[in-house]
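Notes follow the structure.
The values are calculated or read from the model by the stated rules, or taken from the named source; none is laboratory data. If you're wondering where the values come from, they're calculated on a predicted model, not measured in any experiment. Backbone-built Cβ (ideal geometry, glycine too); neighbour counts: all protein chains shown.
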């Protein structure tokens, strides 16, 4: 009788007679690869385009150098809608909570740090250098930061250190870094489990509320009350993605939405006043925040699994470099297209977006694709023990 498929002998019977072949160890199958949520990549790009619409056409008379006049005059109808584009940042934070919980689950602290650093830094460094260089050109003549502050910007610590920012959008990266640190210390370091993640969400929510009531700058800096509900809501939605019947996860999402819309309205709403460069209704703010949560929830529940087009992965890859360069270099492009070439504003805006997407592709292809794997490998490599010194 053939014994090819018979199980190997147990360890207690491991002895073999001369001439017998050793037992074949069982084959360990690699873990099943989790399919990419391409709809999440598409949502990232939508959020980035929302922010770009706000910067280019939703800021009224705040920035007039590129257009030559107020953006309110350039987009008399769309300006009102573009003003809501700033809420793309809150949508980004919800997505970030979802993605960081997903990518941090099962990782070691070293692996988590290497993943985040290799994702953030290559394009960020390139964007800081590029914007600094372009603003220094005589033909551009935009005010640039000092060389010392530009160097500090490479650390991502310019805000707490009080240095001028090269990239206007980098304040969101500072919020992201603080979120990564909290999640790494409280979840990744001890090991991610459902119970630990829920306790982290509940604890952060309560601590952020206490910080808000205490009016203590240090607590505000660490716990970020105004942004915490969006990160926490994204984490809750990832738990829903793992188990849609998880009542605690849905509770985390619901409470985060309720608190998040409160902060969004408190920060972005004001009574109609001509002194402000934009006006948003409280109902409109709540609606945009709600749609952001619903979009991530639809992805978490698998309702958008049909959106599995490969081009969405490309869109997701372009989102971060686009987000970094679109504002300041976008003004340079608008000035060239609109004032230099006389292209109408309704054509200049989309042409500028396309230009920034092309630049984002170049950054992704020539910077991220080449530098990020090397940086990740260097940071993931375990440190070799130094040889013991000889005994005297």
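Observations on the model:
- Selection status of residue 190, under 22 Å from the mean Cα position of the chain (by Cα), within 24 Å of residue 248 (Cα to Cα), without any contact (Cβ under 8 Å) to a residue 40 or more places away in the chain and in a loop (DSSP other than H, G, I, E, B): no
Okay, residues lined up against (1) assigned to a loop (DSSP other than H, G, I, E, B); (2) under 35 Å from the mean Cα position of the chain (by Cα); (3) farther than 22 Å from residue 321 by Cα; (4) at pLDDT 50 or above:
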residue	(1), (2), (3), (4)
5	yes, no, yes, no
8	yes, no, yes, no
32	yes, yes, yes, no
50	no, yes, no, yes
79	no, yes, yes, yes
83	no, yes, yes, yes
86	no, yes, no, yes
89	no, yes, no, yes
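- For the stretch 286-320, the tally of residues that are assigned to a helix (DSSP H, G or I) and under 21 Å from the mean Cα position of the chain (by Cα) stands at 24.
- Qualifying positions in the stretch 310-344 - surrounded by fewer than 16 Cβ atoms within 10 Å (Cβ to Cβ) and farther than 26 Å from residue 120 by Cβ: 339, 340, 341, 342, 344
- Any hit, the stretch 343-350, residues being within 25 Å of the chain's Cα centre (by Cα), on the phi < 0 side of the Ramachandran plot and free of Cβ contacts under 8 Å to residues at least 24 places away in the same chain: yes
- Check on residue 241, farther than 16 Å from residue 177 by Cα and touching a residue at least 40 places away in the same chain (Cβ under 8 Å): yes
- The lone exception for residue 179 - which of (1) farther than 30 Å from residue 143 by Cβ; (2) free of Cβ contacts under 8 Å to residues at least 60 places away in the same chain; (3) part of a helix (DSSP H, G or I) it fails: (2)
- In the set (1) under 22 Å from the mean Cα position of the chain (by Cα); (2) closer than 18 Å to residue 175 by Cα, residue 218 fails one condition alone, (1).
- Whether a residue is in contact with a helix residue (DSSP H, G or I) (Cβ under 9 Å, 6 or more places away or on another chain), surrounded by fewer than 16 Cβ atoms within 10 Å (Cβ to Cβ), touching a residue at least 40 places away in the same chain (Cβ under 8 Å) and in a helix (DSSP H, G or I) was assessed, and residue 361 passes this test.
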